[in-house]
Amino acid sequence: QVQLVESGGGLVQAGGSLRLSCAASGRTLRMGWFREAPGKDRELVALIWWTGPRTYYTDSVKGRFTISRDNAKNTVYLQMNKLKPEDTAVYYCAAGTNSQSWSYWGQGTQVTVSS
């Protein structure tokens, strides 16, 4: 069992920045950040593997968000720059033990971007 603890959400004005952190109690294959806005499905925002350089970003955040990891701390980060009101959502960290599914989820952290 892997526990994920997120931090770093908050309220920011459009154009501002936030950095989310996700500390994992154990190592898995890959880590992802998802978000869920009111009335919308949960979507994958970015993901990273614990080994190697591979990352993925959904189109709407490319060039603005950066996912990174600190293997020594078992922590994954999501640096969010140039935030827009449409980025407002609850952001969830997830861990996958394989490339097909996500086995563990964090509790979620609210990100609110005001216009």
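The values are calculated or read from the model by the stated rules, or taken from the named source; none is laboratory data. What you see is a predicted model, and the numbers here were worked out from it, not measured in a lab. Cβ: placed from backbone, ideal geometry, glycine included. Neighbour counts: every protein chain shown. Accessible surface areas use protein heavy atoms only, side chains included; no ligands, DNA or RNA. Shrake-Rupley method; radii C 1.70, N 1.55, O 1.52, S 1.80 Å.
Checking the condition surrounded by 15 or more Cβ atoms within 10 Å (Cβ to Cβ), without any contact (Cβ under 8 Å) to a residue 40 or more places away in the chain, part of a strand (DSSP E or B) and in contact with a Leu (Cβ under 7 Å, 6 or more places away or on another chain), which residue from Ile67, Ile48 passes?
From the options Ile67, Ile48, the qualifying one is Ile67.
Cβ-Cβ distance below 8 Å, separation of 6 or more or different chains: which pairs start in segment 28-41 with a residue that is closer than 20 Å to Asp59 by Cα and end on one that is open to solvent by less than 70 Å² (accessible area, probe 1.4 Å) and part of a loop (DSSP other than H, G, I, E, B)?
Pairs found: Arg30/Trp50; Arg30/Ser99; Met31/Trp50; Gly32/Trp102; Glu36/Gly108; Ala37/Thr88.
How many of the residues in segment 70-115 are of a type outside the set (S, T, N, Q), open to solvent by 50 Å² or more (accessible area, probe 1.4 Å), closer than 14 Å to Leu18 by Cα and assigned to a loop (DSSP other than H, G, I, E, B)?
Matching residues across segment 70-115 total 2.
Is there any pair with a first residue in segment 100-115 that is closer than 14 Å to Gly32 by Cβ and a second that is of a type in the set (D, E, K, R) and surrounded by fewer than 17 Cβ atoms within 10 Å (Cβ to Cβ) whose Cβ atoms are under 9 Å apart and which are 6 or more apart or on different chains, and what are they?
Gly108/Glu36
Taking only segment 10-28 into account, find how many residues are open to solvent by 30 Å² or more (accessible area, probe 1.4 Å) and at pLDDT below 95.
1
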